[in-house]
Amino acid sequence: MQKTFLMLKPDAVQRSLIGEIISRFERKGLKLVSLKLMQVDRKLAEEHYKEHKGKAFFEPTVEYIISSPIVAMVWEGKNVVSLAREMMGATNPANAASGSIRGSYAVDISRNIIHGSDSVESAEREIALYFKPEEILAYDKAGDSWLSE
Ligand code: GTP
Ligand code: MG
């Protein structure tokens, strides 16, 4: 089953939105297979966002991510990579659909609440950055058989 890496950024933690956002993914029918509250260091943040190195927002984004704890998660489900991005909404909350996570809880691109992998390849890279293989759990949930044919 496909997996994605999601991060509740420091603003989500500071604004007490952890439960609210996790609930959305749970209720959608996705499966949480790993989760940790952690402080990201500069080295990890720079590695995570390395595709943006050289851009004006790179340094402020790294500073933001390391400013306070984050929640790192791996979620599993059918087409979970694109599904989670859809649920998150556009990068800039000003353009995010109003019912999406960024559309519901954020107003500014530099404090946009959540990160989600943008492809299956990115998900594999990011999961490996934040988790050891043995931290990703495989388990059955009672409702699994009610999610698809
Ligand atoms: P992530 O899920 O966080 O990777 O966001 P994304 O994939 O929707 O956007 P992208 O990878 O292009 O940008 C990574 C992050 O850098 C964004 O989530 C923002 O926090 C920040 N960012 C991107 N573009 C801008 C920008 O133009 N200005 C500012 N201030 N921040 C930006
Ligand atoms: Mg991105």
| For segment 19-66, which whole percent of the accessible surface, found with a 1.4 angstrom probe, sits on carbon and sulfur atoms? | 53
| request: Considering the options 93, 22, 61, tell which one lies farthest towards the positive end of the dipole of the chain, charges being +1 on Lys and Arg and -1 on Asp and Glu at the Cβ, about the Cα centre. | output: 93
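Give me the dipole magnitude in Debye, nearest 20, for the chain about the Cα centre, with unit charges on the beta carbon: positive for Lys and Arg, negative for Asp and Glu.
On the way: 20 positive and 21 negative charges, 51 e Å.
It comes to approximately 240 debye.
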| said: Taking the Cα centroid of segment 126-142 and of segment 49-93, what is the distance between the two, rounded to the nearest whole Å? | reply: 18
| said: Keeping every protein chain present and rolling a 1.4 Å probe, give me the accessible area per residue for segment 97-149 in Å². | reply: 65
| request: Pull up the cross-link candidates among the lysines for residue 28, meaning alpha carbon to alpha carbon under 28 Å and not fewer than 8 places away within one chain. | output: 3, 9, 36, 78, 132, 141
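So which trypsin sites (Lys or Arg not before Pro) in segment 40-106 pass both tests, a DSSP loop state and at most 12 other Cβ atoms within 10 Å of the Cβ?
The qualifying sites are 53, 55, 78.
Give me the accessible area per residue for segment 36-75, probe 1.4 Å, as a whole number in Å². Please report the intermediate quantities before stating the final value.
Details: 2090 Å² over 40 residues.
With the other protein chains kept in place, segment 36-75 gives 52 Å² per residue.
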| Once amide H atoms are built 1.01 Å from N in the peptide plane, which residues 5 or more positions from residue 114, or in another chain, come under 5 Å H to H? | 9
| query | Given DSSP loops and a limit of at most 16 other Cβ atoms within 10 Å, what is the longest stretch of the chain that contains no such chymotrypsin sites (Phe, Trp or Tyr not before Pro)? | reply | 58-138
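Heavy atoms only, probe 1.4 Å: what % of the accessible area of segment 72-132 goes to carbon and sulfur, would you let me know? Present the calculation step by step, with values, prior to reporting the outcome.
Working: 1360 of 2790 Å².
Answer for segment 72-132 is 49 percent, counting heavy atoms of protein chains only.
Tell me, in nm to one decimal, what length is gained between residue 58 and residue 37 on full extension, where the rule is 0.36 nm per residue of separation less the Cα-Cα distance?
5.3 nm
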| request: Just subtract the alpha-carbon distance of residue 140 and residue 2 from 0.36 nm times their residue separation and send over the number in nm, one decimal. | output: 48.2 nm
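The values are calculated or read from the model by the stated rules, or taken from the named source; none is laboratory data. Everything numeric in this text was worked out from a predicted model, so none of it was measured. Here Cβ is always computed from backbone atoms with ideal geometry, including for glycine, and neighbour counts include all displayed protein chains. Heavy atoms of the whole protein, side chains included, go into the accessibility calculation; ligands, DNA and RNA do not. Shrake-Rupley method; radii C 1.70, N 1.55, O 1.52, S 1.80 Å.
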